[in-house]
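One structure is given here, and the rest of the page talks about it.
Bear in mind that the values in this text are calculations on the coordinates, not laboratory data. Here the structure is a predicted model, which is why all the values come from computation and not from measurement. Here Cβ is always computed from backbone atoms with ideal geometry, including for glycine, and neighbour counts include all displayed protein chains.
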Amino acid sequence: MQIAIPIYDGFTALDAVGPYDVLQQMPDSEVVFCAPEARVYRTESASLGVCADAGFDDLPAPEIVVVPGGLGNRRWLEGPNPYTEWLAAVHQGTRYTTSVCTGSLLLAAAGLLDGVDAATHWAARDVLEGLGANPVAERVVERGKLITAAGVSSGIDMALRLVELLLGATAAQAVQLAIEYDPDPPYDTGSLEKASDELVGLVRSAMEAQDAQVAARLGID
């Protein structure tokens, strides 16, 4: 089973690596990091590089696609480009097309989420809506073969659900145990709906400052 994870300069590490660590444990799975060309792509902070071992031309028919988020995808949301064109093409033959965090923006830009309920990071719901999707405040959203996950850590939940859909509940439970995924966070502020207005404002300000630095480095207007 070929599982494609398209990456780009400025992607969020856990969005890609979290699902990778879950899905690569399935028997006969082949997880491939891909991009328009095979090379190393840097994360948002630029401190981590991940190698795309295959170009899009090498992966015309993956069974599963997992699109990670990250500020770097903003350059690929308008006009014909390698990412949206590849996603639109391969989606026709996938068993599941999925995203994590703002990866759903790329799915929407590719025309796959028009009028469809979808998840994304809470700070990007307005952007997702502007691209034609219907943002919902859920951690994992399934609509047919389209599965979208909310911010960063929810990619692990989405990947475990994929394992369940593909191999059954016992397999998913076994993978969850293997990675010892047993969340017990010290605070219950992990979603927009649970956080105070003061905390939301603080996080928004920090994210805007970080995004400005990343955008300047990547040359994103």
Out of the residues in region 114-126 meeting the condition of being touching a strand residue (DSSP E or B) at 6+ places or on another chain (Cβ under 9 Å), closer than 25 Å to residue 203 by Cβ and aliphatic (A, V, I, L, M), tell me which one is surrounded by the fewest Cβ atoms within 10 Å (Cβ to Cβ).
124
Which of the residues belonging to region 1-22 are among the hydroxyl-bearing types (Ser, Thr, Tyr) and out of contact with any helix residue (DSSP H, G or I) (no Cβ under 6 Å at 6 or more places or on another chain)?
12, 20
Of 214, 152, which residue is at positive phi and touching an Asp or Glu at 6+ places or on another chain (Cβ under 9 Å)?
152
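Can residue 170 be described as loosely packed, with under 11 Cβ neighbours inside 10 Å, β-branched (Val, Ile, Thr) and more than 18 Å from residue 68 (Cα to Cα)?
Details: loosely packed, with under 11 Cβ neighbours inside 10 Å: yes; β-branched (Val, Ile, Thr): yes; more than 18 Å from residue 68 (Cα to Cα): yes.
Criteria met by residue 170.
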If I ask for residues that are in contact with a Lys or Arg (Cβ under 8 Å, 6 or more places away or on another chain), in a loop (DSSP other than H, G, I, E, B) and touching a residue at least 40 places away in the same chain (Cβ under 8 Å), which ones from region 47-75 would you list?
52, 63
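Determine which member of the set 98, 102 is touching an Asp or Glu at 6+ places or on another chain (Cβ under 9 Å), surrounded by 23 or more Cβ atoms within 10 Å (Cβ to Cβ), within 18 Å of residue 139 (Cβ to Cβ) and of a type outside the set (Phe, Trp, Tyr). Lay out the reasoning, then the answer.
Values: 98 fails: touching an Asp or Glu at 6+ places or on another chain (Cβ under 9 Å).
Being touching an Asp or Glu at 6+ places or on another chain (Cβ under 9 Å), surrounded by 23 or more Cβ atoms within 10 Å (Cβ to Cβ), within 18 Å of residue 139 (Cβ to Cβ) and of a type outside the set (Phe, Trp, Tyr) holds for just one of 98, 102, which is 102.
Suppose we filter region 177-221 for residues that are among the acidic types (Asp, Glu), in a loop (DSSP other than H, G, I, E, B) and surrounded by 13 or more Cβ atoms within 10 Å (Cβ to Cβ); how many remain? It would help to see each step written out before you state the result.
Here is the first cut: in region 177-221, the residues among the acidic types (Asp, Glu) are 180, 182, 184, 188, 193, 197-198, 208, 211, 221.
Then drop every residue that is not in a loop (DSSP other than H, G, I, E, B), which leaves 180, 182, 184, 188, 193, 221.
Subsequent filtering for residues that are surrounded by 13 or more Cβ atoms within 10 Å (Cβ to Cβ) retains none.
Residues meeting the conditions: 0.
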Matching residues in region 26-42 - criterion: being surrounded by 15 or more Cβ atoms within 10 Å (Cβ to Cβ), among the hydrophobic types (A, V, I, L, M, F, W, C) and in a strand (DSSP E or B):
31, 32, 33, 34, 35
Check off (1) crowded, with 24+ Cβ neighbours inside 10 Å; (2) out of contact with any helix residue (DSSP H, G or I) (no Cβ under 9 Å at 6 or more places or on another chain) for residue 88 and give me the number that stays unchecked.
(1)
Of the residues in region 43-66, how many are surrounded by fewer than 21 Cβ atoms within 10 Å (Cβ to Cβ) and more than 12 Å from residue 5 (Cα to Cα)?
9
